[in-house]
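The values are calculated or read from the model by the stated rules, or taken from the named source; none is laboratory data. As the structure is a computational prediction, the values presented were derived from the model and not from experiment. Because the Cβ atoms are built from the backbone with ideal geometry, glycine has one as well, and the counts that use them run over all protein chains shown.
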Amino acid sequence: MSIIDRIGIRRVVVERTTVISEQSFETVLARLTAAVGHPDMSAFGQDVALARASADLERIVNAAIGPAGLMEMARFDIGDVLSKGNSAQKSVRLVIGNPLIMKEMVTHVPDAASYAPVTVLIDERAAGVHLSYDLMASFLAPYDNAQASAVARQLDEKVLALLTAAAE
């Protein structure tokens, strides 16, 4: 059997949602930042590795998440990179999530780990500050698993509530 015969291909159609705010980029980013937790990811990873049971993991995650039930896992200042040329565009990519939510999805669909944690793009455009997010439910739809899809829809609602609140 050749390697080509062992490669599976699954088509995933992604649905992107965008909330547009009339607030300043700084205000929107500050609201998002205030709503998510900001654990020391190195210490968080060590704590997760040392957890002995699900209750330990829940305690560790719940201590790390913010009011939105999510934590920031990484931040990429795209605008800083763009500013090295002729652009003054403000753009930040946040990788946010909740390992307990990811665990629940991955239990039903292992490939969900490819999509979680999620990315939120906040960027300033002529029409306002755009907060863009690719719906987790659209990533998991091709796997046809009701349990994982239900968790994904709940995650989408949580993220969209966060984006909407930050945009107000």
Of everything in the stretch 27-73 that's more than 19 Å from the chain's Cα centre (by Cα), assigned to a loop (DSSP other than H, G, I, E, B) and of a type in the set (A, V, I, L, M, F, W, C), which residue is surrounded by the most Cβ atoms within 10 Å (Cβ to Cβ)? ALA51
Please find, among VAL92, VAL81, VAL120, VAL109, the residue that is surrounded by 18 or more Cβ atoms within 10 Å (Cβ to Cβ) and free of Cβ contacts under 8 Å to residues at least 40 places away in the same chain. VAL109
Of all residues in the stretch 85-102, how many are among the charged types (D, E, K, R) and touching a Leu at 6+ places or on another chain (Cβ under 8 Å)? 1
Residue list for the stretch 123-147, filter: in a helix (DSSP H, G or I) and within 16 Å of the chain's Cα centre (by Cα): MET136, ALA137, SER138, PHE139, LEU140
Given the criterion part of a helix (DSSP H, G or I) and within 12 Å of the chain's Cα centre (by Cα), identify the matching residue among ILE101, ILE96. ILE101
Within 22 Å of ASP111 (Cβ to Cβ), of a type outside the set (Asp, Glu) and at pLDDT below 95, is that true of ILE78? no
Looking at THR119, is it within 22 Å of ASN62 (Cα to Cα) and part of a strand (DSSP E or B)? yes
Can you name the residue in the stretch 74-93 that is among the hydrophobic types (A, V, I, L, M, F, W, C) and in a helix (DSSP H, G or I) and, of all such residues, is nearest to GLU22 (Cα to Cα)? ILE78
